[in-house]
Amino acid sequence: MKVNDQITIEDWELTEQFIRASGPGGQNVNKVSTAVELRFEAERSPNLPDAVKRGLRRVAGRRWTKDGAVVIQVEETRSQARNREIARDRLAELIRKACEKPKRRIPTRPTLGSKKRRLKAKKVRGEVKALRGKVDGEE
């Protein structure tokens, strides 16, 4: 499976398991295993550079397992072949995202106007709260 010009994943690195899908589908859903669970052992893959592995771990989120694999489950269509294709496309997209370097954040400072507006709002709020106290009334 070709991800980009530098990265190609071999078929032996991927394991697919077909499971029964949930949801509507009549009798078909009870007897045919159309959902696919694609497992890619990313941590042990010789075709991924270390930087991409770190990026993939960050991008994959909860799809990354403790033993360093990426697990993708697809049960969108009733066709097993189409679900398999979708899962492979999603894995390739994840790896492409992992190849991108994250944008460096440049810290900004609040403007003078925003500081003044904040202080004015605090002052108004404080005045409103000050007026809520007990009233000393001579009756």
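A short reminder: the numbers here are calculations on the coordinates, not readings from a lab. All values reported here derive from a predicted model rather than from experimental measurement. Here the Cβ positions follow ideal geometry from the backbone for every residue, glycine too, while neighbour counts run over all protein chains shown.
Placing pseudo-labels 7 Å out from each Cα toward the beta carbon at Lys101 and Lys116 gives an inter-label distance of 4.0 nm.
Here are labelled values, (i) 23, 18, 14; (ii) 53, 27, 12; (iii) 20, 19, 15, and one is the computed semi-axes √(5λ) of the Cα gyration tensor in Å for what I pasted. Which one? Evaluating semi-axes √(5λ) of the Cα gyration tensor in Å on these atoms matches (ii). Protection proxy ranking, highest mean first, for peptides 115-126, 65-76: 65-76, 115-126, where packing is the per-residue count of other beta-carbon atoms within 10 Å, averaged.
Return the FRET efficiency for the residue pair Thr65, Gln6: r is the Cβ-Cβ distance, R0 is 22 Å, and the value is rounded to the nearest 0.05. The pair Thr65/Gln6 has a calculated efficiency of 0.30.
Work out, step by step, the length gained on full extension between Thr15 and Arg109: first 0.36 nm times the residue separation, then minus their alpha carbon distance; give nm to one decimal.
Separation in residues times 0.36 nm, less the Cα-Cα distance, equals 28.9 nm.
All other residues whose Cβ lies under 13 angstrom from that of Arg20 are scored, Lys and Arg at +1 and Asp and Glu at -1, for a net of 0.
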